[in-house]
Amino acid sequence: MATTLFTPNIIACIWDFDKTLIPGYMQGPLFRRYGIDEAAFWAETNKLVENYARRGYRISGEIGYLNHILTYVLAGKMPKLNSRVFRELGQEIEFYPGLPGFLVESRDFVREKPEYLKYEIQLEHYIVSTGIAEMIRGSAVAPHVDGIWGCEFIENPLQPGFLQQKEFDLGAEAEIAQIGMVIDNTTKTRALFEINKGTNKDPSLEVNARIPPGDRRVPFSNMVYIADGPSDIPSFSVVKERGGKTYGVYNPKRNDEFKQNDRLQRDDRIDHYGKADYRESSETYSWLKLQIQGIADRLVAEREATVAKRVARPPQHLNPTPEEEEARRKPRSPKQATFLE
């Protein structure tokens, strides 16, 4: 009998971070810690590509800000910056109204009907961000998500000859020195396929492996992708074109962000949009709940249809035919009655 790799009972909400879960950029606490002018840092970062191009170098815009942080560390402007500091800074990140509570409350959306419980439908939350993963891990939402993709730094990089060295000096005063992982607006889609295929849960599976749609842990039709704008168009497209739901959020204090989301909807990039407000009274809360439960209803219907198709009914007592019923009602002779009784 054919079996599948995973039971099709998982729904996934996949979140961008900056300007989606928080009003601005997560690096704000980092700049405050070291007294760095945030506007000046981003102005420099935005000019890196252009200035390096004049010197004959081609660099990625997304990797530019990570390199610039390393340059600040090397220049002594961010001394002793390491993973521990990033996690501490993550505790200072302030979220939009309703968070992190929504991440907890929304799991109850798939427990509200007996049939959801019958088929063990579950909701998972993931964050896929171009920001710094260690800061997200130190933030208030970290305990309530099932996975985090973000940019990573390496401290105490391995030195030449490390294969022959048995022990390493990992001092507490380590500083970040290399880039370990870059998540940009296109590599975000790789994270989506990792969630889709289940490679984040089963390391033995390769993300580039050919896995039939029916064997994938979270079909794209079971995903809801939530983000703030045009930089997420590749991810919006991957999810929406494969049957998932897409939602844009905007800062209610920013009319330009509202217009941006309206354009995305008119261009058919997103299904709907609303204020970045995750309280129960908000439209965003209601829309997300509606979509999550809509996916759950479909999963229930699919499972019940499968059961009806594959499970044969047991033998039943048959009702008499009309002819048999009429014969039973006819008067019988005494001899017939004695025999029949």
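The values are calculated or read from the model by the stated rules, or taken from the named source; none is laboratory data. What you see is a predicted model; the values in this text were computed from it and never measured. A quick note on method: Cβ atoms are made from the backbone with ideal geometry, for glycine too, and the neighbour counts reach across all protein chains shown.
So here's what we get for this one:
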{"read-out": "Residue that is farthest from LEU299 (Cα to Cα) [pool: residues in region 234-275 that are under 15 Å from the mean Cα position of the chain (by Cα) and part of a helix (DSSP H, G or I)]", "value": "PRO234"}
{"read-out": "Filter result for the condition that a residue is free of Cβ contacts under 8 Å to residues at least 60 places away in the same chain and at positive phi, over GLY98, GLY76", "value": "GLY76"}
{"read-out": "Matching helices (runs of 4 or more DSSP H) fully within region 18-95 where at least 2 residues are hydrophobic (A, V, I, L, M, F, W, C) and farther than 25 Å from ILE154 by Cβ", "value": "38-54"}
{"read-out": "Subset of region 223-254 that is of a type in the set (S, T, N, Q) and at pLDDT 95 or above - its residue that is farthest from SER204 (Cα to Cα)", "value": "ASN251"}
{"read-out": "Residues located in region 276-295, provided they are part of a helix (DSSP H, G or I) and farther than 17 Å from SER235 by Cβ", "value": "GLU283, THR284, TYR285, SER286, TRP287, LYS289, LEU290, ILE292, GLN293, GLY294, ILE295"}
{"read-out": "Hits in region 16-42 - residues which are of a type in the set (D, E, K, R) and within 28 Å of the chain's Cα centre (by Cα)", "value": "ASP16, ASP18, LYS19"}
{"read-out": "Candidate set: region 54-75, residues that are closer than 13 Å to ILE176 by Cα and not aliphatic (A, V, I, L, M); chosen: the one surrounded by the most Cβ atoms within 10 Å (Cβ to Cβ)", "value": "TYR72"}
{"read-out": "Near pairs, Cβ below 6 angstrom, 6+ apart or cross-chain, from region 287-309 (farther than 19 Å from GLY274 by Cα) to any residue that is assigned to a helix (DSSP H, G or I)", "value": "ILE295/ASN222; ALA296/VAL110; ALA296/TYR116; VAL300/GLU115"}
{"read-out": "Condition met for ARG332 (part of a loop (DSSP other than H, G, I, E, B), surrounded by 10 or more Cβ atoms within 10 Å (Cβ to Cβ) and at pLDDT below 70)", "value": "yes"}
{"read-out": "Of all residues in region 117-131 being among the hydrophobic types (A, V, I, L, M, F, W, C) and more than 12 Å from ASP18 (Cβ to Cβ), the one that is surrounded by the fewest Cβ atoms within 10 Å (Cβ to Cβ)", "value": "LEU117"}
{"read-out": "Members of region 170-222 found to be under 17 Å from PRO234 (Cα atoms) and either in a helix (DSSP H, G or I) or at pLDDT below 80 (or both), listed by number", "value": "LYS188, THR189, ARG190, ALA191, LEU192, PHE193, GLU194, ILE195, ASN196, PHE220, SER221"}
{"read-out": "Residue check, GLU152 farther than 30 Å from VAL85 by Cβ and of a type in the set (Asp, Glu)", "value": "no"}
{"read-out": "Checklist (1) closer than 30 Å to ARG303 by Cα; (2) loosely packed, with under 14 Cβ neighbours inside 10 Å applied to ARG107, failing item", "value": "(2)"}
{"read-out": "GLU134 vs. criteria crowded, with 22+ Cβ neighbours inside 10 Å and assigned to a helix (DSSP H, G or I)", "value": "yes"}
{"read-out": "Residue check, ILE148 in contact with a helix residue (DSSP H, G or I) (Cβ under 7 Å, 6 or more places away or on another chain), part of a strand (DSSP E or B) and of a type outside the set (D, E, K, R)", "value": "yes"}
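Quick grid of which residues meet (1) in contact with a Cys (Cβ under 6 Å, 6 or more places away or on another chain); (2) over 29 Å from GLY98 (Cβ atoms); (3) not aliphatic (A, V, I, L, M):
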position	(1), (2), (3)
TRP15	no, no, yes
MET26	no, no, no
GLY56	no, yes, yes
LEU70	no, yes, no
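Table: residues versus (1) in contact with a Phe, Trp or Tyr (Cβ under 6 Å, 6 or more places away or on another chain); (2) within 30 Å of GLY64 (Cβ to Cβ); (3) of a type in the set (Lys, Arg).
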{"site": "ASN185", "(1), (2), (3)": "no, yes, no"}
{"site": "GLY214", "(1), (2), (3)": "no, no, no"}
{"site": "VAL218", "(1), (2), (3)": "no, no, no"}
{"site": "LYS240", "(1), (2), (3)": "no, yes, yes"}
{"site": "ASN255", "(1), (2), (3)": "no, yes, no"}
{"site": "ASN261", "(1), (2), (3)": "yes, yes, no"}
{"site": "ARG269", "(1), (2), (3)": "yes, yes, yes"}
{"site": "SER282", "(1), (2), (3)": "no, no, no"}
